[in-house]
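First up is the structure itself, then whatever we jot down about it.
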Amino acid sequence: MIFIAIILGCIVGALIGVNMPMISYTYSGYLAIAIIAALDTVFGGIASTLKKNFDLKIFVSGFFGNAILAILLTYLGQKLNVDIYLAAIVVFVGRMFNNLGIIRRYYIEKFSEKKKDTKKEEQEQVENSEEEKQN
Amino acid sequence: MKKFKIKADVTVVTIVVFLVCIVLVSVMLMQFRTVEQTDITAIENMRESELRTALAEWKNRYEDMNKQLEDVNARITEYRKNIEDNEVAADLIEEELQESNLLVGKTDVYGEGVTVTLNNGDMGVQAYDLIDLVNELRYAGAEAISINGIRVLPMTYIVDMGEYTYIMVDLQRLEAPYVVKAIGDKEELTRVLNLDGSGFVDRAVGIKVSVTAENRVEIPKYNGELDVQYMQEAVQE
C-alpha cells in the first residue's frame, strides 16, 4: 500500500515537475537548500520507521518546516553576507549520512541474521509486518 | 523528532507520503531542469561577485579603449593639420614655380606689347642692331622678348655669321626680316623706341624699322634645354 503510494507519488510528481515552468536561476539556490532539507527529513523518516518510532506529525512538520527554515536561513545569510547555506548543507548532509548509516546497518544486520539463523526468519517477518502496520 | 509514538492511521500516512513524494519529486525535477538549462556564463545568471569582477574588468578595458581612441583621434588631427600645411606649401610652391617659369621663359606667354620688324635697307641688319634693340626693349620694361619666334633668355646670344647674310640666335640661323616681339607696356615701349634722336628708330640708319603696338602679342616658350652646370645656390647666413 505504502509502496504503491510512493511510486504513484513519484510518477505524478515527475509529470508535474516536467510540466512546471522553469524558475529563475537566482532562486534555484534557495530551492536546492530546500530540497536537501526535505531529503534529510525523508531519510530521517525512513530511519525512524526502521527504529519503529515514526511520527507522521513530526515527519510532515520536519519536511516543510526544515525546507522553509533552510530557505529563510539562506536568505538571511545573503542579507548578512554570510554563507549560512553552507552550514545548512553540512548539517543536513551530515544527518543524511547518519540516517543512511542507520538504515544500512539495520538491513545488514537483518540480512546476516537471516543467513545465520533461518529459524528467526519467521519472527523477523512478523516484525516486518508489524512495521508495515505501524506505517 | 522521535519523542512521540503515536499510531497513525495507515490511510492518512499513505496519503501524506503520496503528497510528500509529489512535492519532493516535482520540486527536484524543476530544480534539475533549471540547473541543466541555465547558461551559467550568461550575465543574468552570474553571481554578484562575478558580476563585480567582470564589471571592473570591462570598465578597465573601456578606459583603455577610450585612451586609445583619444590617442588615435589626436594623431588623426595632427595628420590632417600636416596635410593642410603640405597643401598650403604645395600651393605656394606651385605658384612660385609658375611665376618662375613665366620669368625664365619656359611657358608660352601673351600680353600687350609691340612688334618691331627689321628689314634690310641700304645696309643689312647686323647682330648689334638686334642686340641694341633687345637692350632698349629691356630698358623700356619688356618682360618677354622673342626674335622670329625664338625666345630671348638671359643666356641668349646674338652673333653675326658671315657678311650681312644671316644672324645666329641660340644656334639657330635667322634671316631678314627680323620680327622682334616684346611684351610690356605698349605705350612705354613705343615711346622709348621712338625717342627723338636717341630712340632705336632714329638710330637705326640704313635699315627699315617698323614699330607696331599691339594689344595681344604672343611669345612662345624657349624650346631648348636649360642646363645649369657651374652655378650653385649660395646659402645666405
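The values are calculated or read from the model by the stated rules, or taken from the named source; none is laboratory data. Quick caveat: nothing in here was measured; it's all calculated off a predicted structure. Virtual Cβ from ideal backbone geometry, glycine too; neighbours counted across all protein chains shown.
The figures follow:
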read-out	value
Condition met for A:Phe111 (modelled with pLDDT of 85 or more, out of contact with any strand residue (DSSP E or B) (no Cβ under 8 Å at 6 or more places or on another chain) and either surrounded by 11 or more Cβ atoms within 10 Å (Cβ to Cβ) or outside any helix (DSSP H, G or I) (or both))	no
Residue check for A:Phe54: under 14 Å from the mean Cα position of the chain (by Cα), assigned to a loop (DSSP other than H, G, I, E, B) and within 14 Å of chain B (Cβ to nearest Cβ)	yes
Among the residues listed as B:Leu55, B:Leu29, the single one being hydrophobic (A, V, I, L, M, F, W, C), free of Cβ contacts under 8 Å to residues at least 40 places away in the same chain, over 30 Å from A:Ala5 (Cα atoms) and surrounded by 10 or more Cβ atoms within 10 Å (Cβ to Cβ)	B:Leu55
Some residue of the stretch A:13-21 being under 20 Å from A:Met96 (Cβ atoms) and buried (at least 16 other Cβ atoms within 10 Å of the Cβ)	yes
Failed item, numbered, when B:Lys221 is tested on (1) more than 46 Å from the chain's Cα centre (by Cα); (2) in a loop (DSSP other than H, G, I, E, B)	(1)
Members of the stretch A:1-40 that are at the interface with another protein chain (Cβ under 7 Å from one of its Cβ atoms), more than 10 Å from B:Ile22 (Cβ to Cβ) and of a type in the set (Val, Ile, Thr)	A:Ile2, A:Ile6, A:Val18, A:Ile23, A:Ile35
Options B:Leu92, B:Leu130; residue that is within 21 Å of B:Glu214 (Cα to Cα) and either at pLDDT 85 or above or surrounded by 15 or more Cβ atoms within 10 Å (Cβ to Cβ) (or both)	B:Leu130
Test: residue in the stretch B:6-14 that is assigned to a helix (DSSP H, G or I), within 14 Å of chain A (Cβ to nearest Cβ), at pLDDT below 90 and exposed (fewer than 14 other Cβ atoms within 10 Å of the Cβ)	yes
Some residue of the stretch A:98-105 being buried (at least 19 other Cβ atoms within 10 Å of the Cβ) and at pLDDT 90 or above	yes
Index of the failed condition, A:Ser24 passing every other in (1) touching a helix residue (DSSP H, G or I) at 6+ places or on another chain (Cβ under 9 Å); (2) at pLDDT 85 or above	(2)
The stretch B:146-171, residues that are part of a strand (DSSP E or B), at pLDDT 75 or above and within 42 Å of the chain's Cα centre (by Cα)	B:Ser146, B:Ile147, B:Ile150, B:Arg151, B:Val152, B:Ile158
Out of A:Gly62, A:Gly45, sole residue that is facing another protein chain (nearest Cβ under 8 Å), part of a helix (DSSP H, G or I), of a type outside the set (Asp, Glu) and under 30 Å from B:Val10 (Cα atoms)	A:Gly62
Residue in the stretch B:68-79 that is over 21 Å from the mean Cα position of the chain (by Cα), within 14 Å of chain A (Cβ to nearest Cβ) and at pLDDT 85 or above present	no
